[in-house]
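Taken together, the values in this text are just the output of simple stated rules run on the coordinates, not laboratory data. Keep in mind the model is a prediction, meaning the values are calculated, not measured. Don't worry about glycine lacking a Cβ; one is built from the backbone with ideal geometry, like all the others, and counts go over all protein chains shown.
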Amino acid sequence: MDNDVQVGVLMPTGTAQLAGADPAELMDFAAAAQDLGFDSLWVNDSLLSARVEALTMLAALAPATDRLLLGTAALLPVLRRPVQAAQALASIHLLSGGRLVVAVGAGFPGRFGQPLYELSGVPWARRFARLDDTVALWRELWSGQNPASFRGQVLSLDQIPPAVLACPGGGPLVWLGGAAPAALDRTGRLYDGWLPYPPDPADYRAGLDRVRHSAAAAGRAGAVTPALFVSVRITDAPDGGRQAMSDYAAANYGLSLEGLQAIQALVAGPAEHVAGQLARYLDAGARHLVCRIAAADLPAQHQQLGRLAELLPALSRARREPVVPA
């Protein structure tokens, strides 16, 4: 397992972060991230709140950067027709020089998932099989084999046109979000990376152990990149950032801080504390941190980006301190 640590940041594409700013300023944010030494830029995907559309944002980032990995955290394939999505993703991958990573998810029960299936006219039932089928179809299309048909567990397509450009190496790497037992097993068997956001590093370690066991059983030992999606706020406020995180939870999810921190990894406080908390996930095996900056507007996002960059040398120590899997 590669012990290099990579750190990326989520692009602030939502209206809550743009807050009336010129969306073109997002290019300045991307340039700053590259100049400050980050390894990757990520976009999230939803129709439940207004934001710059994920693949459009990635297409704009491709020529605006030259070394950063570009990724989705996470893409919801149900929002797009499978062949058209394969074409768009292949195009971004090729135009970026092979820098695309596609993390995908099937959505969650309740208001953050099921309404998206209704909007897309797709049944909620068998959503995980549909997701796996979609990724399998993408990989066939990216391979350049030009399949005329596809038969999966749920998807069945005939007369597929040769609309997707072949990608060297078989196309973008595809990661899976999710931490349910079935998702862990499927990650090990089928996916190139794992991008969960468990609030407890101990849960991350246990999940990664299961992913690795599944991967080894499938003859894929060492094939899965262990990543983490985490919301971060660096602050010297006396409350350790609790109010800032509470405001962020309400603005982005309509949830209390207690409700959000029960299901997602949230780290806030002085720089030393944030570095220490992130290091706990590195000790548990994470090797690519995808950091969502918990700040209300674009100027605050820029300021936090600079503070987070100051932690990069400390987080990179794992390059010299190998983590032994539990």
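Which whole-number percentage describes the relative contact order of the range 137-211, with Cα contacts under 8 Å and a sequence gap of 6 or more?
It rounds to 24 percent for the range 137-211.
How many angstrom separate the Cα center of the range 233-289 from the Cα center of the range 35-90?
One Cα centre to the other: 24 Å.
Counting only C-alpha contacts under 8 Å and six or more residues apart, can you give the relative contact order of the range 208-318 as a whole percent?
Worked out over the range 208-318, it gives 34 percent.
Given (i) 19.6; (ii) 21.1; (iii) 20.2 as candidate values of Kirkwood radius over Cα pairs in Å, which corresponds to the one derived from the coordinates?
(iii)
Shape call for the range 1-51 from the C-alpha gyration tensor, a ≥ b ≥ c root eigenvalues: rounded (a/c under 1.5), prolate (a/b greater than b/c) or oblate?
oblate
With +1 on the Cβ of every Lys and Arg and -1 on the Cβ of every Asp and Glu, and nothing else charged, how large is the dipole of the chain about its Cα centre, in debye rounded to the nearest 20?
Computed about the Cα centre, the dipole is about 920 debye.
Could you sort the peptides 205-215, 179-189, 115-125 by per-residue average Cβ neighbour count (10 Å cutoff), highest mean leading?
205-215, 179-189, 115-125
Compute the angle between helix 127-142 and the longest alpha-carbon principal axis of the chain, please, reported from 0 to 90 degrees and rounded to the nearest 10.
Taking Cα atoms only, the helix is inclined about 70 degrees.
Could you work out how far helix 201-217 tilts from the main Cα principal axis of the chain, as a 0 to 90 degree angle to the nearest 10?
The two axes meet at around 30 degrees.
Find the relative contact order for the range 59-178 and round it to a whole percent, using C-alpha pairs within less than 8 Å whose residues are 6+ positions apart.
Computed over the range 59-178, the figure is 31 percent.
Among 8, 78, 42, whose Cα lies farthest out toward the positive end of the dipole of the range 6-319, if unit charges sit on the beta carbon of Lys, Arg (+1) and Asp, Glu (-1)?
Farthest towards the positive end: 78.
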